[in-house]
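Participant: Handing you a structure now.
The values are calculated or read from the model by the stated rules, or taken from the named source; none is laboratory data. Note that the structure is predicted; figures quoted are calculated from it, not measured. Note that we place each Cβ from the backbone using ideal geometry, even for glycine, and neighbour counts take in every protein chain shown.
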């Protein structure tokens, strides 16, 4: 016999999709009405019987009629080993619809459970329910499998002609928060969910950044938290400005958002008498195709002029080829008007999660490894770069492999007008030793395209020890580093963290105590205090960083730990000690943060009398060192550095991270000897702006 309706017709013509924690099940759950149905037709009988029950018992709430709503709700439910129905989650626009769906499912009787290997098994299902309700089509069940009734050629053609009009749109339900998209790197945004990630007993990993939404949403419900901030706006403009993405679309198995954005700043460097500004227009999109594939992309078009010290640094790292500057953290800039810069940039990534164990990403962006404000391993200080990343998570481990393509843009390494390409590969293994203690092991290697070897596939192995590979390809053919990190949770509100970086593998030089230039090490110590002194949402952080001279540099000058004339690790490079204190606070949409940095730094003199390389600039060559022994931190042109920053702002739209703010920076820079490139200066920089917060600006160098 044939079925006189389409297979698996639901209330909105969708299948009930089954999800099992096992690889599959031998027999579907059985309603009493399906007891005599052949096993091959049980799935269709289960679907149809459930549809009939829902249609007969569901009472549409009045709000649906009063607001003329048309759409659907989705019920995620389970049939357990005893044959009982249990609702796990309901996704719908109105709470009244969600409550009614839960009520109906409570009325369902116990049925015969599914079986696997002959034993009862639980099975999970997803059921869309169309609003207004639609009756299911009648069905008959044959001796074998269910069959679809014959459709004539004319009917097929007519169906295809309506294919465009049959594309359905559903209410957008904040799918980004459950997706595999990277959460944009922003110290302020990450501080909001940092306390939730650092509770004792949780088996998560907080060093590998950026995080993806789905791994954080487990501990910090983005939708729930943002609901607390929503304004009661009913007009389209009010909702889009205060609460929502500008454009959203959700179809069958896919969704995307599209938003314009800005980074508009006006300010003044009162000491240098410079009127500063930044004019960034951007557009960004994000979305998902199916459950496993997500994407994010943003395009920036920017012009700006900044405080005196910022402009000087940007011009000091300018690339070969005539462009006047590299904007720190952004990219190469061309001249704009007579005293400003034009610096376009684009970033984005594709994220694929084939299983709960693996996440694979291909993109153009930045990364950060660590729990601190700074990182001695990998930070988001430099310009974006192309990358391929593999995250593997299981048991108490998270293992991150990242392969990157970097550029050296200095005139002395440029060849035939082209910037020098080099590559970086790094591994970071995070292990939760106990419910309080986490340790991390890091290794990284940089190599250049010497002998036209291009991307060296010796380094594609995700589990090898890079030092051995570096040795096999030539000791000067690569620059390998290793590192350690750790975090200990004293309480849910207090944790401490640390990092150690080792850039030279000579134990006698590291532990000899004679100041060898090969003692290229650094360390970080820090602590965080959440809800400090009982004040909700007040976060305090203290951090100390110390990096010896010559760390991150190399005798083969291209193999330094840098990209686009910027450090891939700490913002200050090397040859410094630094103390940082940070306070952050947010109450509803109002936020504020304060930061104080006190440091001692060692610069090169770069004069006719003294051309030695003292180990501060990671792009210097060790062959120009002043001595083999007796090297110490802040040697060279010792400089006292003080930076303090206060920012107060208002979150305009939590969906797009659009913020209005005002800030003031005071900076004091006092070298022992004034030279052409390093000289005493003070800066007071007042700034006001409105910004779509998608990346970190670093002004503290």
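Participant: What number goes with the only condition from (1) touching a residue at least 60 places away in the same chain (Cβ under 8 Å); (2) more than 21 Å from the chain's Cα centre (by Cα); (3) crowded, with 21+ Cβ neighbours inside 10 Å that residue 304 does not pass?
Facilitator: (1)
Participant: Shifting gears a bit: Against the conditions (1) surrounded by 14 or more Cβ atoms within 10 Å (Cβ to Cβ); (2) at pLDDT 95 or above; (3) not in a helix (DSSP H, G or I), where does residue 172 fall short? Just the number, please.
Facilitator: (2)
Participant: Can residue 348 be described as at pLDDT 95 or above and under 29 Å from residue 293 (Cα atoms)?
Facilitator: In short, yes.
Participant: Taking the condition more than 23 Å from residue 281 (Cβ to Cβ) and assigned by TED's automatic domain parsing to the domain that holds residue 589, does residue 663 pass?
Facilitator: Here the answer is no, as residue 663 does not meet what is asked.
Participant: Filter the range 650-681 down to the residues that are closer than 20 Å to residue 271 by Cβ and touching a helix residue (DSSP H, G or I) at 6+ places or on another chain (Cβ under 9 Å), then identify the one that is surrounded by the most Cβ atoms within 10 Å (Cβ to Cβ).
Facilitator: Per the stated criteria, the residue is 667.
Participant: Additional query: Does residue 656 fit the bill of being assigned by TED's automatic domain parsing to the domain that holds residue 518 and either part of a strand (DSSP E or B) or touching a residue at least 40 places away in the same chain (Cβ under 8 Å) (or both)?
Facilitator: yes
Participant: From the list 292, 221, 217, pick out the single residue that is touching a helix residue (DSSP H, G or I) at 6+ places or on another chain (Cβ under 9 Å) and surrounded by fewer than 17 Cβ atoms within 10 Å (Cβ to Cβ).
Facilitator: None of the other options fit; the residue is 221.
Participant: Answer with yes or no whether residue 333 is in contact with a helix residue (DSSP H, G or I) (Cβ under 9 Å, 6 or more places away or on another chain), assigned by TED's automatic domain parsing to the domain that holds residue 275, surrounded by 15 or more Cβ atoms within 10 Å (Cβ to Cβ) and over 27 Å from residue 498 (Cβ atoms).
Facilitator: Taking the combined requirement at face value, the residue satisfies it.
Participant: When the residues of the range 61-87 are filtered to those that are in a loop (DSSP other than H, G, I, E, B) and touching a strand residue (DSSP E or B) at 6+ places or on another chain (Cβ under 7 Å), which remaining residue is surrounded by the fewest Cβ atoms within 10 Å (Cβ to Cβ)?
Facilitator: 70
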